[in-house]
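Undergrad: Here it is: the structure, laid out below.
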Amino acid sequence: MNLSTRIGSLRLEHPFLLASGPLSHNGEAIIRAHRAGAAAIVTKTISRAAAVDPIPNIVMERAGTLLNAERWSTLPPSAWIEHHLPIAKESGAVVIASVGLTPPDVATLAAPLEKAGADALEVVSYDESVIEAMVGEAVSRVQIPVIAKISVNWRDPIGAAVSCVAGGAAAVTASDSIGPALRIDIESRRPLLGSASAWMSGRSLFPVALHLVARLFAALPPSVPIIGTGGVTSAENTIEMMMAGASAVGVCTLPILRGLSTFAKAPERLATRLAELGFAASAACVGTAYLPDLTEPPTPSEQTSRLALAWHAEACRHCNRCVQLCPYGARSSSDLRHVGPQCRRCGLCVSACPTGALSWTSQNGGKTPDLDPQQGDAR
């Protein structure tokens with residue numbers, strides 16, 4: 001299985017990058033990630049002034065999801081340029097320097113970061129209005145690929161991405177963490193973190209990031225790679241990102257919670273699932289999802305109007321989860337074969353059934369494979 005991919009002029013052995021975050025806070029951390037198997041590592045965001053993080057600044061919000069109040073790198077740019085980037089490159093790591101947060105920051109740091117060994121720049125801004133200018137500052141000063149990081153928090157992320165690519169960005173990353181967010185300790189009546197504003201990453205972000213990747217893939221030229229970042233936790237999530245249009249996948253929360261060893265395991269698991277799905281190479285999977293309309297509210301199609309629910313007795317454990325979850329009271333534990341007239345075919349029972357005893361079936365007979373919940377999505 002050929003898992004290689006390209007980000008501009010960079011060729012990566014497989015699609016898994018370590019996204020910018022705590023695990024890439026300095027050169028030694030980057031070396032650890034490289035030795036663990038990350039195809040490339042994105043540094044913490046480097047700015048002209050070192051950040052001061054509130055304490056505490058990371059908390060587990062729920063399984064697979066983190067809230068963080070971290071800011072950009074707490075190291076001065078001179079430390080990155082004189083020490084941390086050079087030692088990371090000496091180890092053989094592919095290093096993408098994250099740089100922000102304003103046009104003057106990029107104008108000052110882009111060329112020195114390239115000279116220090118960065119293989120690419122990822123331009124990051126909290127302000128949508130200046131990202132295009134930041135990309136322009138980087139492109140005018142370096143020969144290495146410039147990647148624009150696009151945030152789902154922005155008013156018009158698609159327009160921003162199109163402008164950045166027109167301005168010379170070789171690729172885009174989607175998305176940054178989402179927020180602001182807040183959790184409160186009810187005993188102390190204070191935020192759980194050292195700041196009242198936090199950002200959410202991990203599993204809960206995945207559907208939002210996936211939708212943004214799909215919209216970007218539809219809007220950008222086919223030659224522009226997309227790095228899908230946000231909530232990927234499995235080979236199946238990776239394939240969803242790729243089917244939506246991502247050429248590479250950035251992970252950060254996953255290796256924080258499960259360890260850097262995830263980079264050693266992920267490529268093999270991805271290769272296995274791709275082969276099972278009939279793909280000969282990871283690149284062949286990119287953009288293959290059938291997504292008829294990403295912007296307008298869905299309308300019932302002739303196909304969905306013919307769909308009915310089927311119950312498979314041999315798979316049912318009679319756990320009654322479908323009965324308990326039905327918002328319309330259409331199911332009864334006394335007769336799981338049938339649904340009442342209250343059923344609106346919302347699909348919650350199908351997606352929640354732990355054994356696949358419920359599935360979509362065409363009313364003219366014949367199962368509808370692309371709506372089978374066991375396939376992992378319902379496109």
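The values are calculated or read from the model by the stated rules, or taken from the named source; none is laboratory data. This structure is a prediction, so every number in the text was calculated from the model and none was measured. In this analysis, Cβ positions are derived from the backbone assuming ideal geometry, glycine residues included, and neighbour counts consider all displayed protein chains.
Undergrad: Of the residues that sit in region 24-41 and are out of contact with any Lys or Arg (no Cβ under 9 Å at 6 or more places or on another chain) and outside any helix (DSSP H, G or I), which one is surrounded by the most Cβ atoms within 10 Å (Cβ to Cβ)?
TA: Ranking the qualifying residues of region 24-41, first place goes to 38.
Undergrad: Between 175, 247, which is of a type in the set (S, T, N, Q), over 20 Å from residue 61 (Cα atoms), in contact with a Ser or Thr (Cβ under 6 Å, 6 or more places away or on another chain) and assigned by TED's automatic domain parsing to the domain that holds residue 271?
TA: Working: 175 fails: over 20 Å from residue 61 (Cα atoms).
Being of a type in the set (S, T, N, Q), over 20 Å from residue 61 (Cα atoms), in contact with a Ser or Thr (Cβ under 6 Å, 6 or more places away or on another chain) and assigned by TED's automatic domain parsing to the domain that holds residue 271 holds for just one of 175, 247, which is 247.
Undergrad: Name the one entry in 224, 208, 213, 172 that is at pLDDT 95 or above and assigned to a loop (DSSP other than H, G, I, E, B).
TA: None of the others qualify; the one that does is 224.
Undergrad: Have a look at 294, 257, 212 and point out the one that is closer than 25 Å to residue 179 by Cβ and outside the structural domain of residue 168 (by TED's automatic domain parsing).
TA: None of the others qualify; the one that does is 294.
Undergrad: Have a look at 76, 56, 86, 104 and point out the one that is out of contact with any Ser or Thr (no Cβ under 8 Å at 6 or more places or on another chain) and under 18 Å from residue 126 (Cα atoms).
TA: Unique residue meeting the criteria: 104.
Undergrad: Which of the residues spanning region 42-58 are in contact with a strand residue (DSSP E or B) (Cβ under 7 Å, 6 or more places away or on another chain), part of a loop (DSSP other than H, G, I, E, B) and buried (at least 18 other Cβ atoms within 10 Å of the Cβ)? So that I can check it myself, show each step before the final result.
TA: Going residue by residue through region 42-58, those that are in contact with a strand residue (DSSP E or B) (Cβ under 7 Å, 6 or more places away or on another chain) are 42-46, 57-58.
Imposing the further condition that a residue be part of a loop (DSSP other than H, G, I, E, B) reduces the set to 43-45, 57.
Within region 42-58, 43, 44, 45 qualify.
Undergrad: Follow-up. Filter region 39-59 down to residues that are within 18 Å of the chain's Cα centre (by Cα) and either farther than 16 Å from residue 85 by Cβ or not assigned by TED's automatic domain parsing to the domain that holds residue 121 (or both), then give me how many there are.
TA: 1
Undergrad: If you take the residues of region 181-205 that are assigned to a helix (DSSP H, G or I) and touching a helix residue (DSSP H, G or I) at 6+ places or on another chain (Cβ under 9 Å), which of them is surrounded by the most Cβ atoms within 10 Å (Cβ to Cβ)? Working first, answer last.
TA: From region 181-205, those assigned to a helix (DSSP H, G or I) are 203-205; that's our starting set.
Still in the list and also touching a helix residue (DSSP H, G or I) at 6+ places or on another chain (Cβ under 9 Å): 203, 205.
On the way: 203: 22, 205: 25.
Out of the qualifying residues, it is 205.
Undergrad: Okay, next question. Restricting attention to helices (runs of 4 or more DSSP H) lying wholly within region 279-379, give those where 3 or more residues are hydrophobic (A, V, I, L, M, F, W, C) and modelled with pLDDT under 85. Before the answer, list the steps.
TA: Numbers: elements: 302-305, 321-325, 348-352.
Hits in region 279-379: none.
Undergrad: State the number of residues belonging to region 72-88 that are surrounded by fewer than 18 Cβ atoms within 10 Å (Cβ to Cβ) and either out of contact with any helix residue (DSSP H, G or I) (no Cβ under 8 Å at 6 or more places or on another chain) or of a type in the set (A, V, I, L, M) (or both).
TA: Number of matching residues: 6.
Undergrad: In addition: If you take the residues in region 221-234 that are within 14 Å of residue 269 (Cβ to Cβ) and over 9 Å from the mean Cα position of the chain (by Cα), which one is surrounded by the most Cβ atoms within 10 Å (Cβ to Cβ)?
TA: Only one residue tops the list, namely 233.
Undergrad: If you scan region 146-169, which residues turn out to be buried (at least 23 other Cβ atoms within 10 Å of the Cβ) and not in a helix (DSSP H, G or I)?
TA: 146, 147, 148, 149, 150, 169
Undergrad: Here's another thing I want to ask about it. How many residues, within region 80-121, are small (Gly, Ala, Ser) and closer than 18 Å to residue 32 by Cβ?
TA: Start the filter on region 80-121 by keeping residues that are small (Gly, Ala, Ser), which leaves 88, 91-93, 97-98, 100, 107, 110-111, 116-118, 120.
From what's left, closer than 18 Å to residue 32 by Cβ: 88, 91-93, 97-98, 117.
Number of matching residues: 7.
Undergrad: Among 110, 93, 97, which is in contact with a Lys or Arg (Cβ under 6 Å, 6 or more places away or on another chain) and surrounded by 22 or more Cβ atoms within 10 Å (Cβ to Cβ)?
TA: Sole residue among the options that is in contact with a Lys or Arg (Cβ under 6 Å, 6 or more places away or on another chain) and surrounded by 22 or more Cβ atoms within 10 Å (Cβ to Cβ): 110.
Undergrad: If you go through region 103-140 one residue at a time, how many are closer than 28 Å to residue 180 by Cα, among the aliphatic types (A, V, I, L, M) and assigned to a strand (DSSP E or B)?
TA: Looking only at that region, the number is 2.
Undergrad: Ok, one more. Looking only at region 235-274, count every residue that is crowded, with 23+ Cβ neighbours inside 10 Å and on the phi > 0 side of the Ramachandran plot and tell me the total.
TA: So the count comes out to 1.
Undergrad: Just to be sure before I move on: is residue 3 surrounded by 24 or more Cβ atoms within 10 Å (Cβ to Cβ) and either closer than 21 Å to residue 233 by Cα or in contact with a Phe, Trp or Tyr (Cβ under 9 Å, 6 or more places away or on another chain) (or both) in the structure I sent?
TA: Here the answer is no, as residue 3 does not meet what is asked.
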